[in-house]
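S.K.: Questions regarding the structure given below will be posed in turn.
The values are calculated or read from the model by the stated rules, or taken from the named source; none is laboratory data. Nothing here was measured: the structure is a model prediction, and the numbers come from that model. Cβ placement follows ideal geometry from the backbone for every residue including glycine, while neighbour counts extend to all protein chains displayed. Heavy atoms of the whole protein, side chains included, go into the accessibility calculation; ligands, DNA and RNA do not. Shrake-Rupley method; radii C 1.70, N 1.55, O 1.52, S 1.80 Å.
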Amino acid sequence: MQKILNYINGNLIEPHKGEFMDNINPATGKVYSFCPDSTSEDVELAIQAAKAAFPSWSAKSANDRSEILLRLANLIEKNNDKLAEAESIDQGKPFWLAQKGEIPRAKANIHFFATAIEHFASEAHPMGDHAINYTLKTPLGVVSCISPWNLPLYLFTWKIAPALAAGNCVVAKPSEITPMTAFLFSELCIEAGLPAGVLNIVHGLGPKVGPTMTTHPDIKAVSFTGGTKTGAEIARNAAPLFKKLSLELGGKNPNIIFADCDFKKAVAESVRSSFTNQGEICLCGSRIFIERGIYETFKTEFINQTKLLKVGNPLAPDTKVGAIASKVHFEKVLSYIDLAKEEGGTILSGGNSVNVGGEFSEGYFIEPTVIEGLSFDCRTNQEEIFGPVVTLTPFDSEEEVLMMANSTEYGLAATIWTENLTKAHRVSAQIKSGIVWINCWLLRDLRTPFGGVKQSGVGREGGWEALRFFTEQKNVCIKL
Ligand code: NAD
């Protein structure tokens, strides 16, 4: 069975203690490879390799770094289908989704920052004719990048690319639940000629290797995407050490449907924003608020379309909903469906695990689930479920829907459906979230700031924001 290896100082190596964990295919429930169970010794080795590589990597011109990263981007493109298949098997998502969406996006992440760095200029502030300031943006040194299991290579590269492009050396950790594409990526780094130690990938359990990655004196910044609880722990440990922190955390996103929306589009996109990637995208709309006048018609059409989504083998081309990423998460999502019933919700569609049969009979499949009849402030409507589960709630006024939409501790993304432009602007101004989509969902321009407010995170990724995060600014003032 395949052994995933750590990537440290340019080499693919076993963890220091030689220990591995089972890596499970969530569609079959069976072990299909082994993931390093690394310890702080492996992180230490990675940090020392990154430290040694930093002087030469940071001294390279932006153009030289860009060329190496562009080679890496091209290799991702060349290996698109292999990476997509690996992602689908490791994570449970439909193959076509990884093939057409996520792996091309991983390539785009690297390409975007490899080209952006060539345009990342210093500012100058002349003070009349007697002085001039210029602001240098220098790399930080060694930084940590920690990513989750829902969009594995996509989110992994989203952090690594700006860090490396800006001249930092990186110690990175993918989720232990989905380590495979980060491992395949390390092979591509070697093929692309990325100098040894510039990027180091340590696989392992978060609580075991995470603390060294976030508190080590040589780590200058931590870029983390994952759960709010983990983010809080990282902040508790790293903030007193004055490390730069970027935290992209959970969400409980509202999807607001006004009666004057383009009905057909609103229904189709709401089905997509509810169940894409089994609802395991931090941007999925999990609370759908529908203006009362169209509540019943929207509900009927939404359920009709949800029932058409085929649940099954992630590698089959007609599968729309694959497997839930892990057994623990599968049980968590099912427990929330039980909670919704206890809280008085009515299951309109789905609500059960699915036995897909054959080799998938022990896989972690859940029907796309639609629930109504819950109060906006019950736990089902306040806590992140992060699965194929949405609630429908009617509303009567803008004021009411804004109150309900803004009622959670999260504030990552929101979607608004209306053909009234003035209303769209008015409502989006009052929504408390870092991202608002009007009449669309998940339409992304990599130049735009990405991140949340409240407990959805601190800081922004994307565009110049990410390059600013991974650099230190130094102002030099010269008296003329
Ligand atoms: P998680 O917090 O359990 O794990 C995320 C990563 O952190 C993993 O690599 C894990 O090993 C590591 N980790 C765990 N404990 C750690 C510790 N003590 N120190 C350092 N690292 C540690 O999250 P998850 O379950 O993998 O991902 C799901 C969550 O991620 C959801 O809440 C989802 O909303 C969120 N998410 C947010 C965004 C965003 O951009 N805001 C994007 C995707 C996912």
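S.K.: Could you tell me the center-to-center distance, by alpha carbons, between the stretch 170-221 and the stretch 416-439 in angstrom?
M.R.: 38
S.K.: log₁₀ I(q)/I(0) of the stretch 381-480 at q = 0.10, 0.13, 0.18 Å⁻¹, via Debye over equal Cα point scatterers, no solvent, to two decimals?
M.R.: Debye intensities relative to I(0), on a log10 scale: -0.39, -0.59, -0.99.
S.K.: Now for a different question. Rounded to the nearest 20 debye, what is the charge dipole size of the stretch 30-157 about its Cα centre when +1 sits on each Lys and Arg Cβ and -1 on each Asp and Glu Cβ? Intermediate results must be reported in sequence, preceding the final value.
M.R.: On the way: 12 positive and 15 negative charges, 60 e Å.
Using Cβ point charges on Lys, Arg, Asp and Glu, the stretch 30-157 gives about 280 debye.
S.K.: How tilted is helix 180-192 with respect to the longest principal axis of the chain? Cα atoms for both, answer in degrees (0 to 90, nearest 10).
M.R.: The two axes meet at around 30 degrees.
S.K.: With the Cα gyration tensor of the stretch 434-480 giving a ≥ b ≥ c as the square roots of its eigenvalues, does the rule (a/c under 1.5 for rounded; else a/b larger than b/c for prolate; else oblate) give rounded, prolate or oblate? Mind dumping the intermediate values first?
M.R.: On the way: a/c = 3.53, a/b = 2.35, b/c = 1.50.
Prolate is the answer for the stretch 434-480, as a/c is 1.5 or above and a/b outweighs b/c.
S.K.: Residue farthest toward the positive end of the dipole of the stretch 1-142, with Cβ of Lys/Arg at +1 and Asp/Glu at -1: which of TRP96, PHE113, ASN6?
M.R.: TRP96
S.K.: Using the charge dipole of the chain (Lys, Arg: +1 at Cβ; Asp, Glu: -1 at Cβ; taken about the Cα centre), state which of LEU334, THR408, VAL142 has its Cα farthest towards the positive end.
M.R.: VAL142
S.K.: Remind me, relative contact order of the stretch 254-447 in percent, using alpha carbon pairs under 8 angstrom and six or more residues apart?
M.R.: On the way: 359 pairs, mean separation 52.2, N = 194.
Averaging sequence separation for qualifying contacts and normalising by length gives 27 percent for the stretch 254-447.
S.K.: In this model, which of LYS299/LYS454; LYS107/LYS320; LYS82/LYS327 are farther than 27 Å apart at the alpha-carbon?
M.R.: Working: LYS299/LYS454 30 Å; LYS107/LYS320 23 Å; LYS82/LYS327 25 Å.
Check vs 27 Å cut-off fails for LYS299/LYS454.
S.K.: Evaluate the charge dipole of the stretch 254-447 about its Cα centre and quote only its size in Debye, nearest 20, assuming +1 on the Cβ of each Lys and Arg and -1 on the Cβ of each Asp and Glu.
M.R.: Values: 18 positive and 26 negative charges, 99 e Å.
I would put it at about 480 debye.
S.K.: Going down the list LYS100/LYS229; LYS264/LYS307; LYS264/LYS423; LYS100/LYS159, which pairs span over 24 Å between their C-alpha atoms? Intermediate values should be presented prior to the final figure.
M.R.: On the way: LYS100/LYS229 32 Å; LYS264/LYS307 16 Å; LYS264/LYS423 19 Å; LYS100/LYS159 21 Å.
Too far apart for the 24 Å limit: LYS100/LYS229.
S.K.: If one computes the Cα centroid of the stretch 318-376 and of the stretch 252-285, what distance in Å separates the two points?
M.R.: 18
S.K.: Only Lys, Arg, Asp and Glu count, each charged at its Cβ (+1, +1, -1, -1), so figure out the dipole size of the chain about its Cα centre, rounded to 20 debye. It would help to have the intermediate numbers written out before the result.
M.R.: Working: 46 positive and 53 negative charges, 196 e Å.
In total the dipole reaches around 940 debye.
S.K.: Residues with beta-carbon under 13 Å from that of GLY197, excluding GLY197: net charge, scoring Lys, Arg +1 and Asp, Glu -1?
M.R.: Spelling it out: positives minus negatives among the neighbours equals 0.
S.K.: I would also like to ask the following. Taking a probe of 1.4 Å, how large is the accessible area per residue of the stretch 102-199, in Å²?
M.R.: Details: 2650 Å² over 98 residues.
Per-residue value: 27 Å².
S.K.: Hey, any idea what % of the stretch 254-447's accessible area is carbon plus sulfur with a 1.4 Å probe?
M.R.: On the way: 4040 of 7840 Å².
Here it works out to 51 percent.
S.K.: Please label the shape of the chain as rounded, prolate or oblate, based on the square roots a ≥ b ≥ c of the eigenvalues of the alpha-carbon gyration tensor (a/c under 1.5 means rounded; beyond that, a/b larger than b/c means prolate, else oblate). Each step should come with its number before you reach the end.
M.R.: On the way: a/c = 2.01, a/b = 1.31, b/c = 1.53.
Cα axes put the chain in the oblate bin.
S.K.: Additional query: Quantify, in whole percent, the carbon and sulfur part of the accessible surface of the stretch 88-210 (1.4 Å probe; protein heavy atoms only).
M.R.: Details: 2140 of 3370 Å².
Looking at the stretch 88-210 in its full context, I get 63 percent from C and S.
S.K.: Additional query: Which Cα, out of THR448, VAL311, ALA52, lies furthest along the positive dipole direction of the chain (beta carbon charges, K/R +1, D/E -1)?
M.R.: ALA52
S.K.: Also: Given the rule -39500 (n - 2.57) for each run of at least 4 DSSP H residues, summed and divided by the residues of the chain, what is its mean residue ellipticity at 222 nm, to the nearest 500 deg cm²/dmol?
M.R.: Numbers: 15 runs with 182 residues, N = 480.
Theoretical 222 nm ellipticity from helices: -12000 deg cm²/dmol.
S.K.: Provide the per residue accessible area, probe 1.4 Å, for the stretch 254-447, rounded to a whole number of square angstrom. Walk me through the intermediate numbers first.
M.R.: Values: 7840 Å² over 194 residues.
Here the per-residue accessible area is 40 Å².
S.K.: Based on the alpha carbons, how large is the Rg to Rh ratio for the stretch 171-294 when Rh follows Kirkwood?
M.R.: Numbers: Rg = 19.9 Å, Rh = 17.7 Å.
Rg divided by Rh gives 1.13.
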